[in-house]
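First the structure, in the form of structure tokens, and then the observations on it.
The values are calculated or read from the model by the stated rules, or taken from the named source; none is laboratory data. Source: prediction; values computed, not measured. Cβ sites come from the backbone with ideal geometry, for glycine too, and all protein chains shown count toward neighbours. Calculation scope for accessible area: heavy atoms of the full protein, side chains included, ligands and nucleic acids excluded. Shrake-Rupley method; radii C 1.70, N 1.55, O 1.52, S 1.80 Å.
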Amino acid sequence: MRLIVLIDGEHHPVAVRSALASMPDDDIVGAVFCGGMEKVDPSRLDDTYGVPVIRDVDVAEALRQGIDRWKPDAVLDLTDQPVLGPEDRFRLASIAIARGVTYRGADFELRARTYMRIVTKPSVRVFATGKRTGKTAVASALARYAMEHGRDPLIVAVGRGGPEPPRVIEAHTYLDAKVLLKLSDAGFHAGSDYVEDAMTSGVTTIGCVRVGGGLAGATVYSNVHDAALIAEERPEDLVIFEGSGASFPDIEVSAGIICIPADVAASDLTGFLGPSRLLLADLAIVTMAEEGSAAATTHDLILGTVPGIDVISVIFRPEPLQPVAGRRVFFCCTASSEAGGVLKEHLERVHGCEVVGMSHRLSDRRTLREELRNAPDYDVLLTELKAGAVDVAVREGVTRGKEIVFVNNVLVGTGIEEAFGRVLDLAAQGRR
């Protein structure tokens, strides 16, 4: 195994050489000096360890240079406190993992993911720091933009409730409450992202499943490889891979978009293996960037972690997929209750309906059912297609003889089309 070792001046060179000599089966291709002057003469590093040493630059930059120069299989950390602490190690591990290199230490191993080259067409990964970050809205918007600009996109959506085996919904398939209830009755999760994508984008979608999620976005099980093979064999000329929660498919792509909520915890971006996700993205979209949110702070955190990455901010607004003007509606969504006033005002002002009630509990089936049963009289059940929308909300609305209308969460912000254009250009170049 080809190894880069991280070394420090807190260890005597003789001790380090002994450690290197104890690994005869490994090829030590180089070292990165991480600091510390207690037991080493920094002017003599080049002939001290018996391997080439990168020094006199920021440790993160030195590791990047070493990986690019020596193409190792793994990084072996031979340092200790006080030179590198836990935060430092996770930061360096993120750099290694993003470059496909495993990071190991005395009692830990952070394995790099292996990305399969299955799709040879231009491809884009849409992924996120966690659940309910707007991935599906972004993937759908990207697909619509691609269609408007002459591409023929397809979305592969991975989900915790996705189908086994993968399931295809052809472009422009008619989907309404009756169709979705039949899908649910057949044992499928009718609120899965591939269904929402099909309804809101009009493109062909392929649904697949995943179980579990690791620190760097890997899964314990997924049938996404089968979905990718289906996508590769189809005629569409652009494949959008939509992640699930904080996980994303181990499929090689040519560009990446990461969705980050405005109020994300700083540790999700800069701590643990958070930077590894940012390093895999060409565009970062700060979502739910409402007035009064921490969008500006999050924007700065992103650029402070990965300088030069493309960053835009957006908000989401519900767009009914059928006219609701003049109707009394009960609106079901996953947005926080704090957003209720803004969403109600938007629906009434822009779409001309009267919002007589709302539930923010699509992801809490018991409470959702109670709120629907206690709802004031309404004409239309207006709902996002997520979580318990079909199994609870749609079923309750149909039972009560109400019209069912689904909504698309539209991206609102500046620079969206330009940013999407840059990503699709990168995808066409096969850059990543």
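Helix-derived [θ] at 222 nm for the chain: sum -39500 (n - 2.57) over DSSP H runs of at least 4, divide by residue count, nearest 500?
Details: 14 runs with 137 residues, N = 432.
-9000 deg cm²/dmol, from helical runs alone.
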### Query
Which of [x] 0.96; [y] 1.06; [z] 1.02 is the computed Rg/Rh (Cα atoms, Kirkwood Rh) for the structure on display?
[y]
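Which pairs, out of LYS71/LYS386; LYS178/LYS344; LYS121/LYS402; LYS121/LYS178; LYS121/LYS344; LYS182/LYS344, put more than 32 Å between their alpha-carbon atoms? Walk me through the intermediate numbers first.
On the way: LYS71/LYS386 43 Å; LYS178/LYS344 27 Å; LYS121/LYS402 44 Å; LYS121/LYS178 35 Å; LYS121/LYS344 41 Å; LYS182/LYS344 30 Å.
Pairs exceeding 32 Å: LYS71/LYS386; LYS121/LYS402; LYS121/LYS178; LYS121/LYS344.
Would you list GLU371, GLU196, GLU396, GLU164 from the most to the least accessible area, probe 1.4 Å? Could you put the intermediate results ahead of the total?
Working: GLU371 60, GLU196 10, GLU396 30, GLU164 105 Å².
Most to least solvent-accessible, the answer reads GLU164, GLU371, GLU396, GLU196.
Evaluate the relative contact order of the chain (contact order divided by residue number), counting alpha-carbon pairs under 8 angstrom at least 6 apart; express in whole percent.
On the way: 954 pairs, mean separation 64.8, N = 432.
This gives 15 percent for the chain.
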### Overall form of the range 81-137 per C-alpha gyration tensor (a/c, 1.5; a/b vs b/c)
oblate
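Name the longest site-free stretch of the chain, where the excluded sites are chymotrypsin sites (Phe, Trp or Tyr not before Pro) in a DSSP loop with no more than 14 other beta-carbon atoms within 10 Å.
Details: sites that count: PHE108, TYR174.
In short, 175-432.
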### Query
Among CYS34, CYS259, CYS332, which one moves the most in a GNM of the chain with springs linking Cα atoms closer than 10 Å?
CYS34
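Can you give the translational diffusion coefficient of the range 88-233 in µm²/s, computed by Stokes-Einstein from the Kirkwood radius over Cα pairs at 10 °C and 1.306 mPa s? Can you show the working numbers first?
Details: Rh = 16.8 Å.
The diffusion coefficient I find is 94 µm²/s.
For the range 179-242, divide the Cα radius of gyration by the Kirkwood radius and give the resulting Rg/Rh value with two decimals. Could the numbers behind the result be given before it?
On the way: Rg = 13.3 Å, Rh = 13.4 Å.
Value, to two decimals: 1.00.
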### Summary
Label model pair SER363, ASP47: point-to-point distance (7 angstrom along the Cα→beta-carbon line) in nm is 6.1 nm
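Working out 0.36 nm times the residue gap between ARG328 and ASP176, then minus their Cα-Cα distance, what length gain in nm do you get to one decimal?
Numbers: separation 152, 0.36 × 152 = 54.72 nm, distance 1.97 nm.
Roughly 52.8 nm would be gained on extension.
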### Summary
Listed residues ARG104, ARG366, ARG160; largest mean-square fluctuation, Gaussian network over the chain with Cα springs below 10 Å, found at ARG366
### the range 315-432, relative contact order [Cα under 8 Å, separation at least 6], %
32 percent
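State to the nearest 20 debye the size of the charge dipole of the chain about its Cα centre, where the only charges are +1 on K and R beta carbons and -1 on D and E beta carbons.
On the way: 46 positive and 61 negative charges, 193 e Å.
Computed charge dipole of the chain: roughly 920 debye.
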### Task
Take the chain, connect every pair of alpha-carbon atoms lying under 10 Å apart with a spring to form a Gaussian network, then pick out the residue of ASP77, ASP58, ASP25 with the largest mean-square fluctuation.
ASP25
